[in-house]
1. Looking at the P(r) of the chain, how many percent of alpha-carbon pairs lie beyond 30 Å?
2. Within the accessible area of the chain, what % is carbon and sulfur when the probe is 1.4 Å and the other protein chains stay in place?
3. Which whole-number percentage describes the relative contact order of the chain, with Cα contacts under 8 Å and a sequence gap of 6 or more?
4. Calculate, for segment 265-305, the solvent-accessible area per residue in square angstrom, rolling a 1.4 angstrom probe over the heavy atoms of the protein chains.
5. Please list, or write none, the lysines whose alpha carbon is within less than 18 Å of the alpha carbon of residue 307, excluding same-chain residues fewer than 8 places away.
6. If you average the C-alpha positions of segment 373-427 and of segment 298-333 separately, how far apart do those two centres end up, in angstrom?
7. Using a 1.4 Å probe and ignoring any ligands, DNA or RNA, find the accessible area of residue 28 and quote it in Å² to the nearest 10.
8. Counting residues in segment 319-360 as N, plug N into 2.2 N^0.38 Å and put the Cα Rg over that result.
Amino acid sequence: MEKKIGIIGLGYVGLPLAVEFAKKYPVVGFDINPDRVAELRGGHDSTLEVEDEELQSVLSESIPRDKGLYVTDNPDDLADVNIYIVTVPTPTDKYNRPVLTPLIKASETVGKYLKPGDIVIYESTVYPGVTEEICVPVLEKESGLKFNRDFFAGYSPERINPGDKKRRVHNITKVTSGSTPEIAEEIDALYRSIITAGTHLAPSIKVAEAAKVIENAQRDINIAFVNELAKIFNLLGIDTMDVLDAASTKWNFIKFTPGLVGGHCIGVDPFYLAQKAQEVGYHPEIILAGRRMNDGMGRYVATETVKSMIGNDIPVKGSKALVLGITFKENTPDIRNTRVVDVIDELQSYGINVDVYDPWASPEEVQKEYGLELTSDPYAGGPYDAVVLAVAHKEFKDLDFGRLVKPNGVVYDVKSFLPRELVTKRL
């Protein structure tokens, strides 16, 4: 069978995958956002996950017959596709409950064009069972076809690390799975054709789904542990990074560092596993404890900053603070589920006037998502009573802290990124 691939969702996950497949196969990339489609057709990726030159090298002005990528917001362009790969986001709501609406809507779209023999592969983060118990019934309803007789499914969890220029789609080992042994082999071979790092064929779709959520739940718990250590060592007057550096000399010590835990994976995935565990009657204590610890770190950073201000005889109410960085991690424009907003909110609750500077983030996206206005000049509102470095963007190394902060001002370094002589306190 000649493979014609459709990628549903062209964000941080979908676009790099679409570009990689387009080097060997005809690919239709579909996204419901017309602005995103227009941007990509123009040869630019604002997420910076794909270099413009690489994107432009595979772009096609029409649906390709041989290889290449056609980008569209018209679902009818998916009609001739025979392998659909769904890469839409799976966030949580304000109560930390999984939101599967984008996944269901994507499945409805695919179902309208599904034909006998087609394969639908999901890459979105889910809890075990979502593909077969929630998505497949939608596909059956919309298509009128029978699962594992007329069409088939698979799951291959995404492992995109935003901003990481070394670990890309092709050189990260890919977990694969399929709804029948034969389809599993076919899906594995498909990914193996573009993944130079190789693949791991899981024995079932549920196993692959579970592997995805525990990868990030494990990191979340480990970071929660060092965040708790940071609180303890702060009370003891010990520098946390000094302790971690010393402990890291042991061969089997794994060095996680404290910080704010946001983003589309680590700050979200554990809730998907917790939700499923609770559905089957188990209350996940360690997973949720880790989430509570990490979700409280923004407030902790703000409170410690205020304590340092009081210690320096700085009147808190009406003071000025600058927060450096609002993306969820360094050197990426990704602001999804950033916990820096918790720091900002808590500082403002003390009556502090807060400016935010981030050369990577889109001011329009930050305003739309969080109602915050970014300053374009970090020095314009200064000198400040307090500066909180929340994200370790490379540009912050070159800032003149003599101009940014008052002589008795506070510099709180969340990421242990700055030279120690500049810092009042670090996490």
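The values are calculated or read from the model by the stated rules, or taken from the named source; none is laboratory data. Being a predicted model, the structure only gives us computed values, none of them experimental. No Cβ is skipped: glycine too gets one built from the backbone with ideal geometry, and neighbour counts run over all protein chains shown. Each accessible area value is taken on the protein alone, full model and side chains, heavy atoms only, with ligands, DNA and RNA left out. Shrake-Rupley method; radii C 1.70, N 1.55, O 1.52, S 1.80 Å.
1. Pairs farther apart than 30 Å: 47 percent.
2. With neighbouring chains kept in place, the figure for the chain is 51 percent.
3. 11 percent
4. 42 Å²
5. The qualifying lysines are 231, 317, 320, 406, 425.
6. 9 Å
7. Spelled out: residue 28, probe radius 1.4 Å, area about 10 Å².
8. 1.16
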